[in-house]
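Chemist: The structure follows.
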Amino acid sequence: MPLVRRSPLARARVLAALVLPALVLAGCAQDSGSTGTADALDQGYVSGDGSVRAWEPDERSEPVTITGTDYDGNAVDTSDYLGQVVLLNTWYAGCAPCRAEAPTLVDVDTNRDDVQVVGINGTDDAGTAQAFERTFEVSYPSIDDKDGSAVATLQGTVPLQAVPTTVLLDPEGRVAARVIGEVEPSTLDDLVDDAGEL
């Protein structure tokens with residue numbers, strides 16, 4: 001059988017056909033308004049792998065304000081927390097990495113006065129979300145984001161490819177860091193410390 005030579009373009013298409021399904025499966029089965037896998041490839045990370053992107057103070061965007069209503073019907077507005085680091089975390093109850101990192105987020109919210117955690121859940125109904133919050137003794141509010149408005153606000157500044165994704169806002173409300181996938185406790189502590197520096 002003769003050897004078939006493929007053009008560089010054909011080889012790139014074959015590679016993409018092999019890699020793209022793996023990238024899609026690397027998230028927690030829920031895409032949170034993704035701008036697409038191309039962004040993941042361009043930025044040098046794979047969705048859901050715990051990779052970190054941080055911005056130095058002079059690289060940070062304009063302030064971002066996330067608003068919504070939590071599962072108890074209370075208004076949530078990140079501008080209420082200016083002066084603190086705000087840790088935004090996308091999650092849903094059936095997501096295994098979300099469940100694994102919940103104790104870390106509760107610990108940070110409970111034990112650090114310089115941080116306010118705010119969850120964003122675009123999947124669950126109130127009963128399911130509140131059951132998760134009771135199970136993990138969640139001390140912070142989560143925005144019921146079924147309309148996608150909170151995630152859409154973030155997407156304009158920092159793309160989100162997977163659930164969970166954690167975004168840290170500095171005390172001025174600017175995006176300081178992002179973790180795609182489950183965040184490790186030591187990484188989170190370091191990111192919070194860095195985000196607090198202006």
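The values are calculated or read from the model by the stated rules, or taken from the named source; none is laboratory data. Note that the structure is a prediction, hence the values are computed from the model and not measured. Note that each Cβ is placed from the backbone with ideal geometry, even for glycine, and that neighbours are counted across all protein chains shown. Heads up: the accessible areas ignore ligands, DNA and RNA and are worked out on the full protein's heavy atoms, side chains in. Shrake-Rupley method; radii C 1.70, N 1.55, O 1.52, S 1.80 Å.
Chemist: Would you pick out the residues in region 164-198 that are within 14 Å of Glu62 (Cα to Cα) and outside any strand (DSSP E or B)?
Modeler: Asp170, Pro171, Glu172, Gly173, Arg174, Leu198
Chemist: Another one. Check every one of the helices (runs of 4 or more DSSP H) wholly within region 67-158 and list those with 1 or more residues that are open to solvent by 40 Å² or more (accessible area, probe 1.4 Å), more than 25 Å from Gly50 (Cβ to Cβ) and not small (Gly, Ala, Ser). Show your work before the answer.
Modeler: Working: elements: 96-111, 126-135, 149-155.
Where helices (runs of 4 or more DSSP H) fall fully within region 67-158 and carry at least 1 residues being open to solvent by 40 Å² or more (accessible area, probe 1.4 Å), more than 25 Å from Gly50 (Cβ to Cβ) and not small (Gly, Ala, Ser), they are 126-135.
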